[in-house]
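Here the structure is laid out as C-alpha cells; the discussion comes afterwards.
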Amino acid sequence: MNIKTRGIVFHHIKYSDTSLIATIYTETSGRKSFLIKGVYRPKSLIKPGFFQPLTLLRLEISLSAKRDLQRIKEISPSPVLPNLYSNVNKQAMVFFIAEVLYKTVREEEPNKSLFEFLDHSIQYLDASENDIANFHILFLLQLSKFLGFFPLDNYSETNNVFDALNGSFVPETSNNEYCYSKRISSKFRAIINLSFENAHTLSLNRIERVELLEILLELYRLHLHGHLNIQSLQILKELFD
C-alpha cells in the first residue's frame, strides 16, 4: 500500500556501508521504521541529511504488514528548517527532544493532534528569535498531554507542593518522597500556563531550570513505568549553565 504523508524524523542508524534505518513518525500511520538503501552512495537522490533528528518530511511510503522495515518511494524535506542545526543551542535542543520522542512515542497508529503539536513545536524552535532556554521544559510538559499524564492544575494556598507520583498539587504536610518544595512547586505551576510564545518571559536561574527539568523527567519515569535515560541531557545542561 502506497501512502503520501508528512513525517518527522526521530532517529536513524547506519545499517551498512550504503544504507540506514530511520525511525519516522508519520501523520497517517504513526511511528514506523524504514530501510533506506544506497543513501550513502555519491549519486543517491536521497541524502543522509534528510534523516537528521526532527527533520520535517514529505513522503510517499510503501507499507506492508509482512515487513518490519518499511520502504520510502519518494522523500523531500518540507519545510526546510535553516536554523535548527546552524545554532548550537537549538541543535542541543533538537538532540534532546528527538531522543525523548524516540524513547516515549511508540504508537503505530495515527494521532493527528500529536503530529500537529510536534510539527508546530519544531517549526517554532527553528524560527524563534527569543531566548529558548526554557523551551525543552515547556516541550516536555506539553508532550505529557499526549502521553496521558499532564499535571492537574489544582494549585492553591493549601495545595502548594507538587506531587509527581499523583501528578497534582498537594498540601505541604503530605508524606510522599515524590513531593517537591513550595519554592520550586510555584515555579512548576507557572510553566503549566505558558505557551512556547511566552516561555521566555518566565525568569528562571540555572538551578531552577535544572530542578524543573528533573521534576518533569521524574514525572515521565513514574508514569511511563521505566527508567528514562536521556543521554543528551548532560550536553543540554552544560549549554544553558
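Which of the listed residues, Leu63, Ile122, Asn205, is farthest toward the dipole's positive end in the chain, when Lys, Arg count +1 and Asp, Glu count -1 at the beta-carbon?
The one lying farthest along the dipole's positive direction is Leu63.
Could you check which residue among Gly167, Gly38, Gly148 shows the biggest mean-square fluctuation in a GNM of the chain with a 10 Å Cα cutoff?
The residue with the greatest mean-square fluctuation here is Gly148.
Using only the alpha-carbon atoms, what does the stretch 57-130 span along each of its principal axes? Please give whole angstrom values in decreasing order.
Principal extents (largest minus smallest coordinate, Cα): 46, 26, 21 Å.
Which residue fluctuates the most in the chain, going by a Gaussian network model with Cα springs under 10 Å, if the choices are Leu118, Leu138, Leu147?
Leu147
Can you give the relative contact order of the chain as a percent, counting alpha carbon pairs under 8 Å and 6+ residues apart?
16
Please report the relative contact order for the stretch 110-184, taking Cα pairs under 8 Å with a sequence separation of at least 6, and give it as a percent rounded to a whole number.
Values: 59 pairs, mean separation 13.6, N = 75.
For the stretch 110-184, the relative contact order is 18 percent.
For the residues His227, His12, what sequence is obtained by ranking on other C-beta atoms within 10 Å, fewest first? Mind dumping the intermediate values first?
Values: His227 7, His12 21.
Fewest to most other Cβ atoms nearby, the residues stand as His227, His12.
Please state, as a whole number in µm²/s, the translational diffusion coefficient that the Stokes-Einstein equation yields for the chain at 10 °C and 1.306 mPa s, with Rh defined as the Kirkwood radius across alpha carbon pairs.
Details: Rh = 19.2 Å.
Reported coefficient: 83 µm²/s.
In whole angstrom, note down how far apart the Cα centers of the stretch 36-63 and the stretch 157-179 are.
Centre-to-centre distance over Cα atoms comes out at 47 Å.
Mind checking which of Ile13, Ile132, Ile122 has the largest fluctuation in a GNM of the chain, springs on alpha carbons under 10 Å?
Per the Cα network of the chain with a 10 Å cutoff, Ile13 tops the list.
Among Thr28, Thr18, which comes first, second and so on when ranked by fewest other beta-carbon atoms within 10 Å? Present the calculation step by step, with values, prior to reporting the outcome.
Working: Thr28 16, Thr18 13.
Lowest count first: Thr18, Thr28.
Filter Lys145/Lys237; Lys14/Lys66; Lys37/Lys90; Lys145/Lys182 down to the pairs with a C-alpha to C-alpha distance above 28 Å, please.
Over 28 Å Cα-Cα: Lys37/Lys90.
Every number in this text was worked out from the coordinates using simple rules, so none of it is lab data. Just so it is clear, the model here is predicted, and its values are computed rather than measured. Reconstructed Cβ throughout: ideal geometry from the backbone, glycine too, with neighbour counts over all protein chains shown.
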